[in-house]
Amino acid sequence: MRSSKDFFRPLAVGAPEPVREIPARPSRAIHFFDPSNAKMAAKIPAMVGTVDVLLGNLEDAVKADNKVAAREGLVTIAQETANLGGQSGPTQLWTRINALDSPWVLDDLTTLVPAIGEKLDVIMVPKVQGAEDIHYIDRILAQLEAKAGITKPILVHAILETARGVANIEEICGASPRMQGLSLGPADLAADRRMKTTRVGGGHPGYLVRQDPASSAEDDILAARTTYQQDLWHYTIARMVDACAMHGIYPYYGPFGDIADVVACEDQFRNAFLLGCVGTWSLHPKQIAIANRVFSPSVADIKHARRVVAAMGDGTGAVMLDGKMEDDASLKQCLVMVELAEKLAAIDPELKAAYDAISLED
Ligand code: GLV
Ligand code: MG
């Protein structure tokens, strides 16, 4: 057992001090790109400032023959793109490394940390099974940071995409002060759980509840009845939100593979936002706009939240507003929204203008 007193000591001599708080940096859309794809890579510089996070993907969706090119491409992009990554840029730089049981992951880490460690904000680790996976990454990152003289710890984000990972979710979130957050990996998770779906994220028309029949007569049983599709991911997202909140880190939706279905994509993202997630992945530029819209509180919500804050005075007691009771607890919810709006307004001028234009009078 490691003493809690040692938890914030660097894991290698000369490595930076672990952080005590994970910064709440806007990360509504984590836009994935394949650094081995020259066409995609060429678009990256122009995307800086238009998306909260750019993520160079080295894992699934990159062909085995392109693994080295993707790794090297990411180094070049990070070195040559201005204002990308690091503490102050408008767009964070993340990467998704290969899985810990792959032959590529060690080279991913030993190449990326010395070459671009100061610019890499977060390393996403796929198929995390338990705290032992995070401990492995934690130590090796400390060793590499120490060797390279990196001045701030690189944060770690785990993808939840195995049944064991879900079962071990709390220990994963608490395994290291580097833990920044969790994403849902619905495609791998479905396969690992032996779910009977064949898609990347989203619902399924077969997963539903049906209205009761009017009677138990056969005609009524066979008659048309209203059905409602249910959310396959509700349980997992809810577990992620609780585990992350408990450990002061951030939950994210993951990939939504049906790029054409922008409506269902928006619904899934919004469910995740309402449950407590702070962002999602984007697999296509059109999903960036959806994520930015969904993961930013609406003007109507901010107007209501500000009215509650104003009406609640010192924050205690209860008031009636538009026929509804507001009290200390509803005020706390409103403050979550107001604080998020302030953080987003600081980096998004359009959103700032919309929030600034809110009048509490009309
Ligand atoms: C993402 O990596 C997934 O498996 O859904
Ligand atoms: Mg996966």
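The values are calculated or read from the model by the stated rules, or taken from the named source; none is laboratory data. Just so it is clear, the structure is predicted and the values come from calculations on it, not from any experiment. Using ideal geometry, Cβ is built from the backbone for each residue, glycine included, and neighbour counts are taken over all protein chains shown. Side chains included, ligands, DNA and RNA excluded: accessible areas come from the protein's heavy atoms. Shrake-Rupley method; radii C 1.70, N 1.55, O 1.52, S 1.80 Å.
Observations, loosely collected:
- Centroid-to-centroid separation of the range 104-119 and the range 120-183 [C-alpha atoms, Å]: 14
- Computed over the chain with a Gaussian network model linking Cα atoms closer than 10 Å, the most mobile of A187, A217, A82 is A217.
- The relative contact order of the range 300-356, computed from alpha carbon pairs under 8 Å that lie at least 6 residues apart in sequence, is 31 percent.
- Surrounding net charge for V309, when Lys and Arg each add one and Asp and Glu each subtract one, Cβ distance under 14 Å: -3
- Dividing the summed helix terms, -39500 (n - 2.57) for each DSSP H run of n ≥ 4, by the number of residues in the chain produces a 222 nm estimate of -13000 deg cm²/dmol to the nearest 500.
- Accessible area (Å², per residue) of the range 300-356, counting only protein heavy atoms and a probe of 1.4 Å: 61
- With Cα atoms, 0 to 90° folded angle of helix 285-294 axis to the chain main axis: 50
- Of the residues N98, N168, N292, the one that moves most in a GNM of the chain with alpha-carbon contacts below 10 Å is N168.
- Portion, in percent, of the accessible area of the chain that falls on carbon or sulfur, probe 1.4 Å: 54
- Segments 242-252, 309-319 sorted - mean Cβ within 10 Å per residue, highest first: 242-252, 309-319
- For the range 103-239, accessible area per residue (1.4 Å probe, heavy atoms of protein chains only), Å²: 46
- Of K119/K147; K43/K63; K152/K286; K152/K352; K63/K147; K127/K343, those spanning more than 23 Å from alpha-carbon to alpha-carbon: K152/K286; K152/K352; K63/K147; K127/K343
- Summing +1 for each Lys or Arg and -1 for each Asp or Glu among the other residues whose beta-carbon sits under 13 angstrom from that of A346 gives -3.
- Proximal charge balance of E170 [Cβ under 10 Å; K/R count +1, D/E count -1]: -1
- Percent antiparallel among DSSP beta bridges (both partners in the chain, rounded to 5): 20
- Principal semi-axes of the equivalent ellipsoid, √(5λ) from the alpha carbon gyration tensor of the range 300-356, are 24, 11, 8 Å from largest down.
- In the range 4-295, Cα pairs under 8 Å separated by at least six residues give a relative contact order of 18 percent.
- Length gained on full extension, E342 to V262, computed as 0.36 nm times the residue gap minus the Cα-Cα distance: 26.1 nm.
- Based on Cα atoms of the range 1-158, Rg over Rh with Rh as the Kirkwood radius reads 0.95.
- Computed over the chain, the ratio Rg/Rh where both radii use C-alpha atoms and Rh is Kirkwood: 1.01
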